[in-house]
Amino acid sequence: MRMSVIGCGYLGAVHAACMTELGHDVIGVDVDAAKIGALSVGEAPFYEPGLPELLTRALATGRLRFTTDIAEVSDYQVHFVCVGTPQRKGEYAADLRYVDAAVEALVPQLRGTADAPALVVGKSTVPVGTAARLAALVEELTPVGEHAILAWNPEFLREGFAVKDTLHPDRLVYGLPPGIAATTAETMLDEVYATPLAAPTPKVATDYATAELVKVAANSFLATKISFINAMAEVCELVGADVTQLADALGHDARIGRRFLGAGLGFGGGCLPKDIRAFMARAGELGADQALTFLREVDAINMRRRTRMVELTREELGGSLMGARIAVLGAAFKPDSDDIRDSPALNVAAQIGLQGGYVTVTDPEALDNARRLWPDLRFAATAEEAAENADVVLLLTEWAQYRELDPVKFGEVVRHKRILDGRNALDPATWRAAGWQYRALGRPRV
């Protein structure tokens, strides 16, 4: 099929490359000329494993190209809207300006006919009710009337696994319009996703509102699970229990499962924090705010973990951070990503710096992004450089490079062998055997 992808950020760039891999003819559109220039020569403007190779392969086929001119999509039949929906400044609600602008720019370019309708497919994470509103906007602005259809197809990408999650999704969800248009939209989406559907991939064809709710409900559930185990970590610290063993025991219950029961510094990034807040805001607008009151505590527990990490660092340094040399391993909000949005690691580093600590941060991929947004912090290229003469080391993003550090060799560069494991990623026995004073969130102090 011939399709456009409007918005070539994290979601859009991955989607465009993957759709080409599935055999489609794709044009990516974005207002950022520098981003389009990079993508056009196979350079991903962010770190995502497997994406550069996929871009190079897709561009070589001649079936993928990028542009800043929205008018070039007029000959295409399916149009994916993949722009961001960040949190509004000073509010919990989602900022839908970019989605609205993308649809308003796209709709006049649609050229659908009775035999070949134009399909606009929203993939952005939006508050429930947005799709119905945009469907009315499409109907109002399109020059082709009923031959333009809107559907909603939420994404479920995990940063670090986005290529795999797009090519081999664990489910496909279609939010379809009412009436006969639903059959047309579903048939077209089935053609888009013919390869994964043949795998077979489960498919849920539903209405707009349900499709919109699937993404925010999934993220809210995952956030709740993470905050639950972190709440248990708070209790474990008080009574001398081990939260990792508690999680292992809970995880053997098939109704619960072990995934997302990793206690530590909590979640960050550009999805879970802003999505649960936007969900609460939308529930309030709908008069259902009491239904999601628990998400406020989920958010509060998550933010408390950062404060607790700062407190733990102060405890290890005898009650004061002033003048202490502190190495922070990790800047990205999670490993296998250069995304620093709402990064717990950088939040902790900044708090310690404000309280007088001499902080040096390192990360395998996120240093350039971190330098731009946190110019007052110091940065180092390697863990060894960051930890030189350090009084304490904080592991705050569980990159494989940090999990695999040799505690004996690493101990030669620090001033004091103290390590705080903010992700419960290290083996305490191994590090203690090498002479390190090891502490972690939710585990007993030895």
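Results, tabulated for the structure shown:
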| quantity | calculated |
| --- | --- |
| Among residues of segment 365-394, those that are in contact (Cβ under 8 Å) with a residue 60 or more places away in the chain, of a type outside the set (Val, Ile, Thr) and in contact with a strand residue (DSSP E or B) (Cβ under 7 Å, 6 or more places away or on another chain), counted | 5 |
| Considering residues of segment 420-446 that are in a loop (DSSP other than H, G, I, E, B) and of a type in the set (Gly, Ala, Ser) only, the residue surrounded by the most Cβ atoms within 10 Å (Cβ to Cβ) | 422 |
| Filtered residues of segment 47-67 (kept if more than 20 Å from residue 105 (Cβ to Cβ) and buried (at least 19 other Cβ atoms within 10 Å of the Cβ)) | 47, 48, 51, 54, 55, 58, 64 |
| Some residue of segment 220-241 being closer than 30 Å to residue 105 by Cα and at pLDDT 95 or above | no |
| Selection within segment 296-311 - surrounded by 19 or more Cβ atoms within 10 Å (Cβ to Cβ) and not polar (S, T, N, Q) | 298, 299, 301, 305, 306, 308, 309, 310 |
| Enumeration of residues in segment 221-275 that are within 21 Å of residue 340 (Cβ to Cβ) and among the aromatic types (Phe, Trp, Tyr) | 267 |
| Any chance residue 233 is surrounded by fewer than 22 Cβ atoms within 10 Å (Cβ to Cβ) and in a helix (DSSP H, G or I) | no |
| Single residue of 446, 414 found to be among the β-branched types (Val, Ile, Thr) and in contact (Cβ under 8 Å) with a residue 60 or more places away in the chain | 414 |
| Residues within segment 91-120 that are among the β-branched types (Val, Ile, Thr) and farther than 18 Å from residue 212 by Cα, tallied | 2 |
| Answer residue from segment 158-182, given it is part of a helix (DSSP H, G or I) and of a type in the set (A, V, I, L, M, F, W, C) and is surrounded by the most Cβ atoms within 10 Å (Cβ to Cβ) among those | 162 |
| Residue check, residue 185 hydrophobic (A, V, I, L, M, F, W, C), assigned to a helix (DSSP H, G or I) and surrounded by 15 or more Cβ atoms within 10 Å (Cβ to Cβ) | yes |
| Selection count where residues are more than 14 Å from residue 421 (Cβ to Cβ) and either touching a Lys or Arg at 6+ places or on another chain (Cβ under 7 Å) or among the polar types (S, T, N, Q) (or both), scope segment 313-324 | 2 |
| Flag if residue 358 is modelled with pLDDT of 95 or more, under 31 Å from the mean Cα position of the chain (by Cα), surrounded by fewer than 19 Cβ atoms within 10 Å (Cβ to Cβ) and more than 27 Å from residue 44 (Cβ to Cβ) | yes |
| Any chance residue 119 is within 22 Å of residue 180 (Cβ to Cβ) and at pLDDT below 95 | no |
| Strands (runs of 3 or more DSSP E) completely within segment 52-148 that count 3 or more residues being over 21 Å from the mean Cα position of the chain (by Cα) | 64-67, 118-122 |
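Conditions (1) of a type in the set (Asp, Glu); (2) exposed (fewer than 14 other Cβ atoms within 10 Å of the Cβ); (3) over 30 Å from residue 428 (Cα atoms); (4) out of contact with any Cys (no Cβ under 6 Å at 6 or more places or on another chain), marked per residue:
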{"position": "251", "(1), (2), (3), (4)": "no, no, no, yes"}
{"position": "257", "(1), (2), (3), (4)": "no, yes, no, yes"}
{"position": "269", "(1), (2), (3), (4)": "no, no, no, yes"}
{"position": "275", "(1), (2), (3), (4)": "yes, no, yes, yes"}
{"position": "285", "(1), (2), (3), (4)": "yes, yes, yes, yes"}
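Yes/no matrix, rows are residues, columns are (1) surrounded by fewer than 17 Cβ atoms within 10 Å (Cβ to Cβ); (2) of a type in the set (Asp, Glu); (3) more than 22 Å from the chain's Cα centre (by Cα):
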position	(1), (2), (3)
326	no, no, yes
350	no, no, no
353	no, no, yes
386	no, no, yes
390	no, no, yes
415	yes, no, yes
418	no, no, yes
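The values are calculated or read from the model by the stated rules, or taken from the named source; none is laboratory data. None of these values were measured; they are calculated from a predicted model. Cβ sites come from the backbone with ideal geometry, for glycine too, and all protein chains shown count toward neighbours.
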